Amino acid sequence: MATVDDLKFQEFDDAANLLAANPDATTISIDEPAEIPKNQHGRLQESGREEDDELLGTDDSDKTELLAGQKKSAPFWTFEYYQTFFDVDTYQVLDRIKGSVFPVPGKNFVRLYIRSNPDLYGPFWICATLVFTIAVSGNLSNFFIHLGKPTYHYVPEFRKVSIAATAIYAYAWLVPLALWGFLMWRNSKVMNIVSYSFLEIVCVYGYSLFIYIPTAILWIIPQKVVRWVLMMFSLCLSGSVLVMTFWPAVRDDNRRIALATVGTIVLLHALLAVGCLAYFFDAPELDFPAPIIPAHNGTVNKITMPVSPSAQ
């Protein structure tokens, strides 16, 4: 028959040897509930706080900017200086494009996507793609509208490429330059104004134009109502990115100046969209008389052909 000592819990030699070999090992008692170690719990809280700060764009992004500003930069006349503006990978560009197409309400585009590493690679190629998309789509739209008319003779309008390039690149560079100068001037007047660098403003404007690339392709549809609906939809998406980005920079200024600044930003953005649609796709067709060609029988033949004003 078993004695009382035989019924007591005993430590086995294997467990004792394991604890002696690894004294820092975590042990769990049957009588005590399982608990998360304090250091592991602290790491989970810190990681969650860092994720929230990254999404909200709090002071951590500002610290990153200050640390980035302390890095020693190359002289502006060297190739390495301009190479830093294109030091961006494909995932970052795609993420910024996604952020410009699907803006998050209440989130700052610069803090979420740009401030850690502003680039010129995305804005440059977005503008270049938009130039050729508008020029080619404008020619195709004009061709499809008059397809089948016996008096129409298709002539490619190559100068639309240069006109589109001038308008888009001037908007993507001159407007950010003027806005940057205005914000710097107001920052000297009102100390609480959020300041953006010129590169960050160019980056925001460049990525905000991406939505017009698929829109310009859909503008080939020969229906004015569909075109204008697509234009308004794209304008609302890209304009919201600009408003949510630059409103925090001017909201602490005088109320009238803040509203006038945001209104001017939206107005210039709308003028670009309306101008591209009206000039490249909705240009009115006028009838111009063709040269009089004398026939062999003594009569004259006069042919009237529709010519677009942009082809003159």
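Beyond a 29 Å Cα-Cα separation, which of these cross-linked pairs lie in this structure: Lys98/Lys189; Lys160/Lys224; Lys107/Lys160?
Beyond 29 Å between Cα atoms: Lys98/Lys189; Lys107/Lys160.
Just reorder Thr215, Thr166 by solvent-accessible area, largest first, 1.4 Å probe, all chains present.
From most exposed to least exposed: Thr166, Thr215.
So, taking all protein chains as they sit and a 1.4 Å probe, how much accessible area belongs to Cys276, in Å² rounded to tens?
Approximately 10 Å² of Cys276 is accessible to the 1.4 Å probe.
Local charge sum around Tyr91 (other residues, Cβ-Cβ under 14 Å, Lys/Arg +1, Asp/Glu -1)?
Within the 14 Å Cβ shell, the charges total -2.
With a point put 7 Å past each Cα toward its Cβ, work out how far Ala270 is from Ser116 in nm, to one decimal.
So the label points at Ala270 and Ser116 sit 3.6 nm apart.
Tell me the accessible surface of Lys149 in square angstrom (1.4 angstrom probe, heavy atoms of protein chains only), to the nearest ten.
100
Let me check I have the definition right: for segment 79-281, take the eigenvalues of the Cα gyration tensor, multiply each by 5, take square roots. What are those semi-axes in whole Å, largest first?
33, 19, 15
Just to verify a number: FRET efficiency for Asp95 and Trp228, C-beta to C-beta distance, R0 = 30 Å, to 0.05?
With a Förster radius of 30 Å, E is 0.45.
First select every other residue whose beta carbon is under 15 angstrom from the beta carbon of Leu242; then total the charges, Lys and Arg +1, Asp and Glu -1.
Net charge around Leu242: +3.
The values are calculated or read from the model by the stated rules, or taken from the named source; none is laboratory data. Predicted model, so just to flag it, every value in this text is computed and none were measured. Positions of Cβ are backbone-derived with ideal geometry, glycine not excepted, and every protein chain shown enters the neighbour counts. With ligands, DNA and RNA removed, areas are computed over all heavy atoms of the protein, side chains included. Shrake-Rupley method; radii C 1.70, N 1.55, O 1.52, S 1.80 Å.
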